[in-house]
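Taken together, the values in this text are just the output of simple stated rules run on the coordinates, not laboratory data. On a predicted model such as this, the values are computed, not experimentally measured, just so you know. Ideal geometry is used to build each Cβ from the backbone, glycine not excepted, and the neighbour counts take in all protein chains shown.
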Amino acid sequence: MPPVFDNSDPFSGPTEDKFVMSSDKENQDENHQPFLDPIVDPFGQTNYLDKPWPLTLTSVGYVKDGVKVTDYYDFDGKCVEQEVNDKGVSFKDFQEIDTGRKTDVYHLVGGYENTHEPKSHTGEKDADFDLDSQSEGIFDRSLQEPHENDAAKVKEDDPGVTNNELSIYANEDDYEVFDLRIIHRKNRTGFEENKDLPIVINGMIGSRYCVTEYLGSAAFSKVVRARDLQTGIDVCLKIIKNDKDFFDQSLDEIKLLKFVNKYDPADERHILRLYDCLYFQEHLIIVCELLCANLYEYQKYNKECGGKPYFTLKRIRVITRQCLEALEYLHELGIIHCDLKPENILIKSYSRCEIKVIDLGSSCFQNDNLSLYVQSRSYRAPEVIIGLPYDQKIELWSLGCILAELYSGDVLFPNDEVVILLARVIGMLGPIDIEMLENGQETDKYFTKDFDLYHINEETDQMEYIIPQKTSLEEHLQVSDALFLDFVKSLLEINPQNRPTASEALQHPWLSSSLSYQI
């Protein structure tokens, strides 16, 4: 569906932030009506960013292997523990992204415990709660302040808990809680008739947000434009699909957005702003600032229109500086974005060439158990592909791929089979260091013992060698600016030890001059 622009000119794009996606209003179901009589938060609480985060430790369950475990009950009243899966499976198969973190524990009364442990992505539902047997343990105690005898109580209830486990449980500083408003229909129980929330133009969500435009969808969410009736401003609503894995991942995104917004009160670090979050008709909804087109969509639109290119070297330089400042900030906080790509960089202002980095749903802290499957394939760093330990420098590789794509108009490393992508990387940038190949957990999937690229022909079941075709970055970009070429080359160093950090990249001569601020 083509994007629609208002008041645009062929060079600068829309005058100011008027980009919207055209909605398919003809296909709207006229029989769908907004829900009636929602129950709003009786205390009128809203998750504004300046609201202090309560540091309360809920006291349900016990700690086992560093993960808070809550007892669940099946239909026969038999107590069963929550399953924790160490392997995990991908919940973004189309991007091969799997955070690889175990399941955190969520309570029914708005509590969220940050264990920083790996998530399970088994896709299986938890056992049903026996509300009678659980009510005293959850509903009466989950919002109370931690009591000095809580750890002793756990020890009394479960003598098998070790002293080390008790010390983890008793350490209040290891936990944070944020409130999640749950909005539901009056006098009604049971599941919704439809697991997919119907998008109704002019329909209400949470008795506060009036849907005005359908913007698009992704693998695990829909995005709409809405008017916040409380503040009078337009916002973006990310409606998460009714699935436990997507719900868990999106709670992480909320947690990280709250975290990064908290330490950037003046909104100077080019990261998406979170306004609100709520649970409505079995869907987690993230409310954030409304931005314009992403870099991929706008470049595509600009090319199809046949006008003057928007992404000139001057504009690319301004965008690059903002991206690096965002990455530098995330990295200072110990966060790896893990999915930097043109689709996750949105334009805030066309005329001023301002951008925001979005989608922290796949992000993690550097001290998390890092997954082998991060980053979209075309922007995936070599160390990730061959299964080496990685750090924040994987983002600099992604940025190098993005800049080459913005300038040339073509994806630098197309989303082919992984071994073909490796062949393109080697053909353009040179061989991968032998030491990297020797230590990579995934090396033998793509390289022989002599470190020759190979793949298995599915039709003949025979091994075939892949010979990289020799080319160069200069040939691909065909750019006259030697400093820009040198900068992109520095980001696309195959060995991460030779790749700059975000702070170091900001000091490159191509960016360090005053010209880098000019459009």
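What pairs from LYS449/LYS470; LYS238/LYS348; LYS238/LYS300; LYS255/LYS314 go past 26 Å between their alpha carbons? Don't skip to the answer; put the middle values down first.
Details: LYS449/LYS470 22 Å; LYS238/LYS348 17 Å; LYS238/LYS300 23 Å; LYS255/LYS314 35 Å.
The answer is LYS255/LYS314.
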When the chain is fully extended, how far beyond the present Cα-Cα distance does GLU475 get from ASP391, taking 0.36 nm per residue of separation? 27.3 nm
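What are the semi-axes of the equivalent ellipsoid of the range 311-350, taken as the square roots of 5 times the eigenvalues of the Cα gyration tensor, listed largest first and rounded to whole Å? Walk me through the intermediate numbers first.
Working: eigenvalues 84, 27, 14 Å².
In descending order, the three semi-axes are 21, 12, 8 Å.
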Label model pair LEU229, ASN367: point-to-point distance (7 angstrom along the Cα→beta-carbon line) in nm is 4.5
